[in-house]
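Here's the structure we're looking at; comments come further down.
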Amino acid sequence: MLIDRPATTTGHPLLDLFPDGSHLDEDGHLVVGGCSLAEVAERFGTPALVVDEAALRGRARAYRRALDEHWPNSQAVFASKSFPCTEVVRTLVEEGLGVDVAGGGELVTALAAGADPEHIVMHGNAKTDDELAMAVAAGVGTVVIDNLHDLERLEKLVTEGRQAVLLRVIPEVDADTHAAMLTGHRGSKFGLTVHQATQAAARIRRSSRLRLDGLHVHVGSQLMDTDPFRNAVEAIAALPGLGSHPVYDLGGGLGTRYTYADRPPTIEEYVRTLTDAARELLPGYARLIVEPGRSLVAPTAVTLYRVVTVKPGERPLVAVDGGMADNLEPMLYGQRFEATLVNRVGGGESCDLVGRHCESGDTLIRDVPLRAPGAGDIVAVPATGAYCYSLANNYNGARRLPVVFCRDGRARDVVRRETYADLLRRDTGTIHPRALPFLQARP
């Protein structure tokens, strides 16, 4: 079956899913960040995760503009779990964002990227003693209390001054998203019930080592409606026994556009929803924090694959040299993506884009139109900037893919592709000589 899509102001609806500024060159080839994606694939190999640096900076500035306009006493902190790459974090720190970390590794990445510890927020529903000790030693500005054991551990670790903390409260707000992305519903593994939060607040107020700055709330991820965000503000504003606070962290969760049908709220609409609710329900002097992740980075990146083989059929199976080792979202969340060949953009025959891994579930996109795909062609999948890098793995011995920044026609790798030697680096046993020829650095 041949499929075509109506044109848009950018020439093809697929281009609207790629980073801002993406276009077709005079030969009809796809260009991102001023770089031909075919040339990027040739230079850096495939699979490769390509980030449009200007688009990334643009998303950060859009958040800052909206917050500055609607609630000047505010800050955006990047939910680094969505793309914990040092250069991505560095770029967003340069744009004035703080960093939200959820573990020791993300903390080290933020510090390596030059983040000011005072503007780091540490999360985690099961923070270990070591991770809390790292936070205290690094001077992390805010630790989010997710359970009563966090309090016990922190009080033992803080020896100088008082550590600022926020209480994460379960708002009991449901949202329309995948069950694995819900975080604020009754029974969530994240946060404290109202009763537990009241107990924790009383304990913190008696502490000489901890300082209660305020409350934190989060309802879920990939939300395509602003109502749950307002509902969350209403929920924490009405909590009995917790009083008013100088800081309210309203979390993140704004959805992003993966497919033609997706219509998420804009950054402006999202921020206005939060600030309108805050103006009505929270103290005017309060500092607001938001934690954008997916909506900040997903639209700024593209994954490139090379077609290895095409099996004909009612819907041809187009197999590429990546899959669930570099994009687990279709398998974990059933997330739909779109795709195109970089030199034949849009339209074509309905195909299933499948990965190279030994799982029948390793299907990246079902029923996606591709124009006469053949072995050696380069496929581009847009909107892969969130959680693809985070969840990358070595299934079937796959080497994790590089991250390539493109800007003004210049491409540079900020994370190299893993080598076969990297796969064995943590082994403590003897390496048999038969493997040695393959352990030299390879593209």
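Tabulated values for the structure
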item: Gain upon complete extension [GLU269, ALA137; 0.36 nm per residue less C-alpha separation]; result: 43.7 nm
item: Amide hydrogen neighbours beyond the local backbone of THR142, cut-off 5 Å, H modeled; result: ILE120, MET122
item: Where labels lie 7 Å past Cα in the beta-carbon direction, separation of ALA372 and LEU157 in nm; result: 6.0 nm
item: Accessible area (Å², 1.4 Å probe, nearest 10) - THR226; result: 30 Å²
item: GNM top mover of GLY334, GLY323, GLY45 - the chain, alpha-carbon springs below 10 Å; result: GLY334
item: Solvent-accessible surface ranking, highest first, for THR142, THR91 at 1.4 angstrom; result: THR142, THR91
item: Carbon/sulfur fraction of accessible area - the chain, other protein chains in place, 1.4 Å, %; result: 48 percent
item: Efficiency of FRET between ARG61 and HIS432 - r from beta-carbon atoms, R0 56 angstrom, step 0.05; result: 0.60
item: Phi to ³J(HN,Hα) by Karplus 6.51 cos²θ - 1.76 cosθ + 1.60 over region 76-82, Hz, x for Gly, Pro; result: 9, 10, 6, 6, 5, 4, 6
item: The chain - mean residue ellipticity at 222 nm from DSSP helices (-39,500 (n - 2.57) per run, n ≥ 4, rounded to 500); result: -7500 deg cm²/dmol
item: GluC sites (Glu not before Pro), loop per DSSP, at most 10 other Cβ atoms within 10 Å - longest free stretch of the chain; result: 161-313
item: Choice from VAL308, VAL99, VAL297 with maximal GNM fluctuation in the chain (Cα, 10 Å cutoff); result: VAL308
item: Qualifying lysines (Cα of each under 29 Å from Cα of LYS156; at least 8 residues distant if same chain); result: LYS81, LYS127, LYS189
item: The chain, accessible area per residue, ligands and nucleic acids excluded (1.4 Å, Å²); result: 43 Å²
item: Unit Cα scatterers, Debye sum, the chain: log10 I(q)/I(0) for q = 0.09, 0.14 Å⁻¹; result: -0.61, -1.28
item: Long-range amide H partners of CYS351 with built H, under 5 Å; result: ASP367, VAL368, LEU370
item: Angle between the chain longest axis and helix 194-206 axis [Cα atoms, degrees, rounded to 10]; result: 60 degrees
item: Shape of region 227-364, Cα gyration tensor, a/c cut at 1.5; result: prolate
item: Within a Gaussian network of the chain (alpha carbon springs, distance under 10 Å), most fluctuating of ALA200, ALA392, ALA238; result: ALA238
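The values are calculated or read from the model by the stated rules, or taken from the named source; none is laboratory data. The shown structure was predicted, so the numbers you read here are calculated from the model rather than taken from an experiment. Methodologically, a virtual Cβ is constructed for each residue, glycine included, from the backbone with ideal geometry; neighbour enumeration extends over all protein chains shown. Side chains included, ligands, DNA and RNA excluded: accessible areas come from the protein's heavy atoms. Shrake-Rupley method; radii C 1.70, N 1.55, O 1.52, S 1.80 Å.
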